[in-house]
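Data first, discussion second: the structure below is written as structure tokens.
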Amino acid sequence: MTFTKTTEQSSHYEQLEKMSVNELLQNINTEDKSVPLAVEKALPAIELTVQKVVSQLQKGGRLFYIGAGTSGRLGVVDASECPPTFGVPFDLVVGIIAGGDAAIRKAVEFAEDDVNQAWKDLSEFNITTNDFVIGIAASGTTPYVIGGLEQCNLNQIPTACITCNQGSPLSKVAQFPIEVVVGPEFVTGSSRMKAGTAQKLVLNMISTATMIQLGKVKGNKMVDMQLSNNKLVDRGIRMIMAEIPVSYEEAADLLQINGSVRKAITSFLNE
């Protein structure tokens, strides 16, 4: 099958600069509506990936995201949100971006073109066969990501990818390829748009489903979340009140004493 970068194909819209603001927003929104449908088609592949991630983490492994540019930033964002949301260690889900942390805010020229650097970056974490690595690249051709997954495969570390082109070189390298084909962008080649949205949706699915499978959610509540601000403390208090017959003040005391919603509820029930 011939590989075609649909993410690089010409936009379905012409003369964008002549559109009114309303027309621009309406047309961007029209394109955005197609993204969840594209993700839906990839659900079987996402399911296989999540099952393997859960298996690896249950063995004591970690989940790594590697990517460049927008893809790398999205991986870093998803990884950084896992500890406060689910109360897991900061190094359980790790986001690595080509060019290092400086590239989160400012593009690092040619960082994505180094085929050897991702493995060097992963090696700094003493990566093992218990871990799992997901390469994120809208194009499916990023050398940094492909090279990283190739080295993981050679070292018996399971791999997946999230890409927005079908039959890409990255998909052929990944053991668990996820392809979300969203088609041409509103602004030709601007894969931070639909492709970026698709990648974010898939990352949400992978990390959230994994954490639920690992027991980090009770009912539909984030019972292990970090109580890092007043809003979250209030949310935690109300979670406790919904589970056990206590007042707001009593729930607040339980939360302060025990340090987490789960522990607060457990301690009350065990009294």
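The values are calculated or read from the model by the stated rules, or taken from the named source; none is laboratory data. Remember, it's a predicted structure, so these values are computed and weren't measured experimentally. In this analysis, Cβ positions are derived from the backbone assuming ideal geometry, glycine residues included, and neighbour counts consider all displayed protein chains. Only protein heavy atoms, including side chains, enter the accessible area calculation; ligands, DNA and RNA are left aside. Shrake-Rupley method; radii C 1.70, N 1.55, O 1.52, S 1.80 Å.
Among the residues of segment 263-271, at least one is surrounded by fewer than 17 Cβ atoms within 10 Å (Cβ to Cβ) and within 30 Å of the chain's Cα centre (by Cα). Remark: VAL76 falls outside the filter, which requires a residue to be part of a loop (DSSP other than H, G, I, E, B) and of a type in the set (A, V, I, L, M). The residues of segment 84-105 that are more than 10 Å from ALA68 (Cβ to Cβ), open to solvent by less than 60 Å² (accessible area, probe 1.4 Å) and among the small types (Gly, Ala, Ser), listed by number, are GLY87, GLY95, GLY100. Where helices (runs of 4 or more DSSP H) fall entirely within segment 106-179, those with at least 3 residues that are open to solvent by less than 10 Å² (accessible area, probe 1.4 Å) and out of contact with any Asp or Glu (no Cβ under 7 Å at 6 or more places or on another chain) are at 143-154.
Close contacts from segment 74-100, counting a first residue that is within 22 Å of ALA118 (Cα to Cα) and a second that is among the aromatic types (Phe, Trp, Tyr) and assigned to a helix (DSSP H, G or I), with Cβ to Cβ under 6 Å and a gap of 6+ residues or different chains, come to ALA98/TYR144. Take the conditions (1) among the aromatic types (Phe, Trp, Tyr); (2) in contact (Cβ under 8 Å) with a residue 24 or more places away in the chain; (3) more than 30 Å from GLY69 (Cα to Cα); TYR248 misses just one of them, which is (2). Within segment 10-58, the set of residues being open to solvent by less than 80 Å² (accessible area, probe 1.4 Å), in contact (Cβ under 8 Å) with a residue 40 or more places away in the chain and part of a loop (DSSP other than H, G, I, E, B) comprises SER10, SER11, TYR13, SER34, ALA42.
Among residues of segment 191-239 being of a type in the set (D, E, K, R) and assigned to a loop (DSSP other than H, G, I, E, B), the one that is least open to solvent (accessible area, probe 1.4 Å) is ASP224.
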